[in-house]
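Q: First the structure, then my questions, so here it is.
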Amino acid sequence: MPTYEYRCLKCRRKFERLQRITEPPLGRCVFCKGKAERLISAGVGLIFKGSGFYSTDYKKKPKDAVKSVASEPKAASPKEPKTESTPKKN
């Protein structure tokens, strides 16, 4: 759920509310009960918190590295054993 920022038109205080996207915006200030307006914010970018995130995990590989991986020989796939059919003698 996104956090929306509001500003009261009467007391000019700012406050935030965690709301569903489908919920209508608040109409009243939580402090003075005056009229409140929802502010348009730039939002927040993607934030990775905690350990285990490295700057090299999502970097694009240079084109030379991609070409060298494509030019590496593929591992030999197991072939089916050849069965030779010999004519049966009567």
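Q: As an exercise: evaluate Pro24 against (1) outside any strand (DSSP E or B); (2) at pLDDT 65 or above; (3) within 25 Å of the chain's Cα centre (by Cα) and give the number of the one condition it does not meet.
A: (3)
Q: While we're on this one: For segment 33-56, indicate whether the set of residues that are at pLDDT 95 or above, surrounded by 10 or more Cβ atoms within 10 Å (Cβ to Cβ) and not in a strand (DSSP E or B) is non-empty.
A: yes
Q: Let me ask something additional. Can you tell me which residue is farthest from Ala42 (Cα to Cα) among those in segment 11-30 that are surrounded by 14 or more Cβ atoms within 10 Å (Cβ to Cβ) and among the basic types (Lys, Arg)?
A: If we take residues in segment 11-30 being surrounded by 14 or more Cβ atoms within 10 Å (Cβ to Cβ) and among the basic types (Lys, Arg), then Arg13 is farthest from Ala42 (Cα to Cα).
The values are calculated or read from the model by the stated rules, or taken from the named source; none is laboratory data. Fair warning: this is a prediction, and the values are worked out from it, not measured in the lab. Glycine gets a Cβ as well: all are built from the backbone with ideal geometry, and neighbour counts include every protein chain shown.
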